[in-house]
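A.B. asks: Submitted below is the structure of interest, expressed as structure tokens.
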């Protein structure tokens, strides 16, 4: 029995190229094997059967699998053993062999009979967090999760090399919980944040007081010069040796002009990291109960910018071809042009009865959904006083499920 007065001695095992024996191919092995493979261990699995995931690992050569029960001698040459079968007698025998051969041994069925315990582990940016709390795995996991989450979102600060440069961070559709963990961590480490009005604004309130927040919507020189002014602000602060985050709504590369900003930085020799974000083109319909694809209804979806109308010479969209598609059409930035867009789609062959849903301020507390058809959406949007930002979904998927919110 383990003596509570003698806590486990924590150590990190370097298993690359070293023999590790896993006895039992069930759920415990399925959970533990990926970490052993990632550590570079030479893994031998001994078990008459295995879960499908473990089977695939053997088929792809990540582990070696001998399809049989444990036999005395299986731990010969092993550095580490994991015993995880339902056969108590086999577990006892393997554990006894491990003791005799001085092989550190974890037992899934009896922690007190083991010579090693597996900590609850997590990894963040090259840091491994491992937690042991005696014989209480749930508490270990809870502490692990709290530490890992804190390191990821920046709420738990830890000394780390400060890296000047720029990160283009996709903030997602608006709900602050939908930003990626990497994006949230970079925000917590920033000296300067240049934010779009469509980004998750609630996250700005969490920033430390020393962080300079610049509202990209209020950068001077007017609409035409705004992008150039944003580029200049990114370059200026990065050259001053600051860690800069360009916080954008949705994904930086989905109608976000992120590539223009990256190209401007590259021309000045400034390092830039791009952090993808959840695009509103998919997430907002989902939040409103609309799948952009659905079996037997839509096998494709097309995302279109509606910032210029179909008859505008600047439009790059083939509206005639778009109207002939049978799948879902998602329009971004198209509230004020939706009447013209609907007319063009009908004119080129899309049925006037095609259902349309307009989701305003999706994923936020003020989200609302307005339903119409191509024939009525122009007038409906005006009558309902729909305002940007809004995502417009066109297609039969609109009627797959009842609205989650009232219009």
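The values are calculated or read from the model by the stated rules, or taken from the named source; none is laboratory data. Just so you know, these numbers come straight off a predicted model, no measurement behind them. Please note: Cβ atoms are built from the backbone with ideal geometry, for glycine as well, and neighbour counts cover all protein chains shown.
A.B. asks: Take the stretch 170-221 and flag every residue that is within 24 Å of the chain's Cα centre (by Cα) and in a strand (DSSP E or B).
C.D. replies: Hits for the stretch 170-221 are 170, 172, 192, 193, 194, 195.
A.B. asks: Shifting gears a bit: Taking the conditions exactly as written (at pLDDT 95 or above, at negative phi and surrounded by fewer than 20 Cβ atoms within 10 Å (Cβ to Cβ)), does residue 303 satisfy them or not?
C.D. replies: Values: at pLDDT 95 or above: yes; at negative phi: yes; surrounded by fewer than 20 Cβ atoms within 10 Å (Cβ to Cβ): yes.
In short, yes.
A.B. asks: Taking into account only those residues within the stretch 115-154 that are assigned to a loop (DSSP other than H, G, I, E, B) and free of Cβ contacts under 8 Å to residues at least 24 places away in the same chain, which is nearest to residue 92 (Cα to Cα)?
C.D. replies: From the stretch 115-154, those assigned to a loop (DSSP other than H, G, I, E, B) are 115-119, 125-126, 132-136, 154; that's our starting set.
Within this subset, residues satisfying the condition of being free of Cβ contacts under 8 Å to residues at least 24 places away in the same chain are 115, 126, 133, 136.
Values: 115: 13, 126: 37, 133: 24, 136: 22 Å.
Result: 115.
A.B. asks: Same structure, new question: Quick one: residue 246 ticks every box in (1) more than 16 Å from residue 381 (Cβ to Cβ); (2) outside any strand (DSSP E or B) bar one, so which box is it?
C.D. replies: Only one criterion in (1) more than 16 Å from residue 381 (Cβ to Cβ); (2) outside any strand (DSSP E or B) is unmet by residue 246, namely (2).
A.B. asks: Also, quick follow-up: Restricting attention to the stretch 27-38, does a residue exist that is buried (at least 16 other Cβ atoms within 10 Å of the Cβ) and either on the phi > 0 side of the Ramachandran plot or touching a residue at least 60 places away in the same chain (Cβ under 8 Å) (or both)?
C.D. replies: Among the residues of the stretch 27-38, at least one is buried (at least 16 other Cβ atoms within 10 Å of the Cβ) and either on the phi > 0 side of the Ramachandran plot or touching a residue at least 60 places away in the same chain (Cβ under 8 Å) (or both), which makes the answer yes.
A.B. asks: Take the stretch 254-277 and flag every residue that is within 20 Å of residue 179 (Cβ to Cβ) and either more than 16 Å from the chain's Cα centre (by Cα) or not in a loop (DSSP other than H, G, I, E, B) (or both).
C.D. replies: Filtering the stretch 254-277 down to residues within 20 Å of residue 179 (Cβ to Cβ) leaves 254-258, 261-262, 272-277.
Across the stretch 254-277, the qualifying residues are 254, 255, 256, 257, 258, 261, 262, 272, 273, 274, 275.
A.B. asks: Out of (1) within 30 Å of residue 241 (Cβ to Cβ); (2) in contact (Cβ under 8 Å) with a residue 12 or more places away in the chain, what's the single condition that is false for residue 358?
C.D. replies: Result: residue 358 fails condition (1) only.
A.B. asks: Considering each of 76, 109, 92, 72 in turn, give the residue that is closer than 20 Å to residue 30 by Cβ and out of contact with any strand residue (DSSP E or B) (no Cβ under 6 Å at 6 or more places or on another chain).
C.D. replies: Values: 76 fails: closer than 20 Å to residue 30 by Cβ; 92 fails: closer than 20 Å to residue 30 by Cβ; 72 fails: closer than 20 Å to residue 30 by Cβ.
So the residue among 76, 109, 92, 72 that is closer than 20 Å to residue 30 by Cβ and out of contact with any strand residue (DSSP E or B) (no Cβ under 6 Å at 6 or more places or on another chain) is 109.
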